Ligand SMILES: [Zn+2]
């Protein structure tokens, strides 16, 4: 047997100064799709997520809550773990930057880079945004105000440790230009390459004075300084992975932090002698009813509330299908219910319930049907085309389009039941009816398997409706005997009922 291919996927780690929002739920779901997809292909998957817990913002948020920073971080980190559970995120490891092991790895990394001559001490002058936890470049400010946070930046004049980015910038730029680090989607690649031509190749500060940060990992050998929170955070991809697990195959991150992942991280990896990450998949922001989400506007969407109301599968579906993986999208309650009703309840749910109901009425008609070989080279043409398009969409980080392909089968199957008038055909012409049942069973099987990375529970229920409860795999072409069974509960209940049952 060929050696199992390794696949390492990581989300960014969430900053615990605020509870999880819907955008982070989307990032988790996207990374989860990639992890589950690769497991179904038979790969050995390592999936890392976690929380970023140091820095001034955390110290401030803790003080505001009247708590010690660590106690505050514990409490907030637990909310992210809970979100992972509620969303059925199949991570291998949840890392926290306050973990002892992480802290000691960061210290070791620091010393290593210092020994390489890549860290040196110098005066720093610049403008800092606590919202970004970063020194801003001119282009990121307007009259000294952060363009993202609309807040006055602070003039900083202090002695800091610097990282010799200038030594690695050309090498990193080439890696991006030549797709050695593949940037997805493609249009972000140009934006990133522009960052290099800007003011991007200067050395950057990697520590802050202790009194201005307060909460973080002290610089080894210099207690007056704290390691800059972004260095600390980026090192999770090294400290969180088992020995020999680098490079990461894909980092799933938001567009607001791509500079850190496409410039700083590769330079650190080069300095440390680690292989460069293979790809960076960059998602956009989720707007709320067309507006930027913010505490002051009171329009922040809480994923936990949505899950409580509609269920995890519906929430995963919305963020994976309605929001384009690689660009900004919109959350709207009306659109959410439209998607739910049209795609899940009337689309997939209805297909499963009507086909199984008819089949249970005519067991002798469909007897002997088998499914299984829908993804191999000998499969029906439309399966081959769809499977290859689906794979292509996942490889290009267009998860929403992969789901579109899955839904072609759902829609075609519903249309087939109607066109064939299956309920009459089963009475009149058993032979023809059996052929229709066979097509439907194959389509439902394909849907069940292809849906598994996206909506794992729904996928299981679709296959269970065919009488198939085996472990799923894209590589399994064995024949499985179909025994249709109507689900005890509809896959997606009508929304009114959903609301009723919560009273
Ligand atoms: Zn800012």
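Read-outs: derived from the displayed coordinates by stated rules, not from any lab. Here the structure is a predicted model, which is why all the values come from computation and not from measurement. Cβ sites come from the backbone with ideal geometry, for glycine too, and all protein chains shown count toward neighbours.
Things worth noting here:
- Taking the chain and dividing mean pair separation by its residue count, relative contact order in percent (alpha carbons under 8 Å, at least six apart): 16 percent
- Sorting the segments 388-396, 309-317, 204-212 by their mean number of nearby beta carbons within 10 angstrom, highest to lowest, gives 309-317, 204-212, 388-396.
- Helix axis angle, 100-115 relative to the chain longest principal axis, alpha carbon, degrees: 50 degrees
- Cα shape, the chain, gyration tensor, a/c 1.5 rule: prolate
- With an a/c value of 1.5 or above and a/b not larger than b/c for the gyration tensor axes a ≥ b ≥ c computed over the alpha-carbon atoms, the stretch 333-502 is described as oblate.
- Packing rank of 436-443, 76-83, 475-482, where each peptide gets the mean count of other beta carbons within 10 Å, highest leading: 436-443, 76-83, 475-482
- Between helix 165-177 and the chain: long-axis angle, C-alpha atoms, 0 to 90°, nearest 10: 20 degrees
- Principal-axis tilt of helix 430-451 within the chain, Cα atoms, nearest 10 degrees: 10 degrees
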